[in-house]
1. Pull up the range 227-247, narrow it to residues that are basic (Lys, Arg) and part of a strand (DSSP E or B), then point me to the one that is farthest from Leu64 (Cα to Cα).
2. Of all residues in the range 78-119 being part of a strand (DSSP E or B) and hydrophobic (A, V, I, L, M, F, W, C), which is farthest from Ile40 (Cα to Cα)?
3. When both residues are 6+ apart or on different chains and their Cβ atoms are under 6 Å apart, which pairs have a first residue that lies in the range 113-142 and is among the small types (Gly, Ala, Ser), and a second that is surrounded by fewer than 15 Cβ atoms within 10 Å (Cβ to Cβ)?
4. Which of the residues spanning the range 249-276 are without any contact (Cβ under 8 Å) to a residue 12 or more places away in the chain and in contact with an Asp or Glu (Cβ under 8 Å, 6 or more places away or on another chain)?
5. Does the range 168-211 hold any residues that are closer than 23 Å to Lys259 by Cα, of a type in the set (S, T, N, Q) and either in a loop (DSSP other than H, G, I, E, B) or at pLDDT 85 or above (or both), and which are they?
6. Among the residues of the range 43-76, which ones are surrounded by 21 or more Cβ atoms within 10 Å (Cβ to Cβ) and within 13 Å of Ala282 (Cβ to Cβ)?
Amino acid sequence: MKIDKIDIKRGQGFRGSASLYKNIADKNLKRVSQDSGDYIKQCYGMLRNSCKETVEVNVESGRLMDIAESCEPAIFIMNHTANAMRDIKIAKFFNTLLYREYVYNNKSDICPRSKVFANENVLNSQPDGGDTYKWLGVVPVKAKLKGSSRQHNSRIISETVEQLSSGKINLFLFPEGAFCAFPFLPLSWKFQAGVSSIIKKVLEIKDKIKVIPLGFAHKKELSAIHIGDSVDFSKKGDEYSVTEKLGSKVLTHGGSPIKKDEIVPYISGFLVKKLEEVKYNAKADLENSKGEVFNL
C-alpha cells in the first residue's frame, strides 16, 4: 500500500493547520494492520479529513507533547456538555491531534492505539456494518445488561484491561454515559463507576495506570479542549496511592489504607474533582482565548 510522504515541519509552534498528511483518504487502499506504524499514519489521514471543527487547545502547557513523547498508555476521561454529539466530534479531534504528535515524534510503530466504546446497534446500522469504525478503534458493546449481553460486555472489559496493562491502547471514556441527558444534575451524580472499576482491575495486573482528564466547552463555531495534568493511580501491596503534579499520597479512610473492595468509590470521587476542574478550565480558555487554535 502506498503511503504519502509525511511533512513533519510544524514551523513556529502549533498555531494554524495541523496537517501532516496529503491525499491520504483513498477508499481503494487496503487498510494496514493495526500493529504497524502505517496504521497510525493512515488513521490520522482518515480522521483528519472528517474533522471540520476549529478548536482551541492548551498546547502551551506542554501536556500534549508529553503524552506523545512518553508513549505511556492512559485512560482519557472527558466531560459532556449540553451538546453530546459535538463532544464526540471534539473527542475525535483530540485523538487526531494525538496521532499527529505520535507521527511527528516517530512513535507510530510503538504508541498505544486508541479505543472507545460504542453501542453495537449503532455500529451495525452503518453502511459497512461498522467495519471502518471498528478498524479505527471503536469497540462495540451491548446496551442490555442481562444474560449473554452482560457476558459479552464483561469479555470486552477484560480484553480492554489486558490491553491497557500491556501498554497497547489508550482508552477514551465519557464517564457520564447516558446520564449526560440530564445536564441539570451535578457531575458527581452522573459519574458512573465503570472507569474506576477498570482502573482497579488494571492495578491487579500492573502497578500503575495513568488517567488524563480532558475538559470540553463550546460556543458558536469554536470549541475548546483543556488537557489536564495527568494523575497516576498505583498499588503496592495492599495500599492504593494517587500521584499528582504536587506529589503522591496513599488513599486512606480514618487513618487506614482503603481496602480493595472499597477503592472504586474513592477513585470515582477523586476523578470527579479532576473532571470538574478541566471542565471549568475549558470554559475559561474559551472565554479568554488562552490556547492555540487548530484547524485540521
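1. Lys236
2. It comes out as Met78.
3. Pairs found: Gly130/Asn124.
4. Hit for the range 249-276 is Val250, nothing else.
5. Across the range 168-211, the qualifying residues are Gln192, Ser196, Ser197.
6. If the condition is that a residue be surrounded by 21 or more Cβ atoms within 10 Å (Cβ to Cβ) and within 13 Å of Ala282 (Cβ to Cβ), then Val55, Glu56, Val57, Asn58 are the ones that fit.
Residue-wise test of (1) out of contact with any Ser or Thr (no Cβ under 7 Å at 6 or more places or on another chain); (2) under 17 Å from Ile267 (Cα atoms); (3) of a type in the set (A, V, I, L, M, F, W, C); (4) crowded, with 17+ Cβ neighbours inside 10 Å.
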position: Val122; (1), (2), (3), (4): yes, no, yes, no
position: Ala178; (1), (2), (3), (4): yes, no, yes, no
position: Trp189; (1), (2), (3), (4): yes, yes, yes, no
position: Asp232; (1), (2), (3), (4): no, yes, no, no
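Every residue, every condition in (1) surrounded by 13 or more Cβ atoms within 10 Å (Cβ to Cβ); (2) within 15 Å of Glu72 (Cα to Cα), yes or no:
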{"position": "Ser108", "(1), (2)": "yes, yes"}
{"position": "Gly130", "(1), (2)": "yes, no"}
{"position": "Ile156", "(1), (2)": "yes, no"}
{"position": "Gln163", "(1), (2)": "yes, yes"}
{"position": "Asn170", "(1), (2)": "yes, yes"}
{"position": "Phe174", "(1), (2)": "yes, no"}
{"position": "Val195", "(1), (2)": "yes, no"}
{"position": "Glu204", "(1), (2)": "no, no"}
{"position": "Ile209", "(1), (2)": "yes, yes"}
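The values are calculated or read from the model by the stated rules, or taken from the named source; none is laboratory data. Nothing here was measured: the structure is a model prediction, and the numbers come from that model. Please note: Cβ atoms are built from the backbone with ideal geometry, for glycine as well, and neighbour counts cover all protein chains shown.
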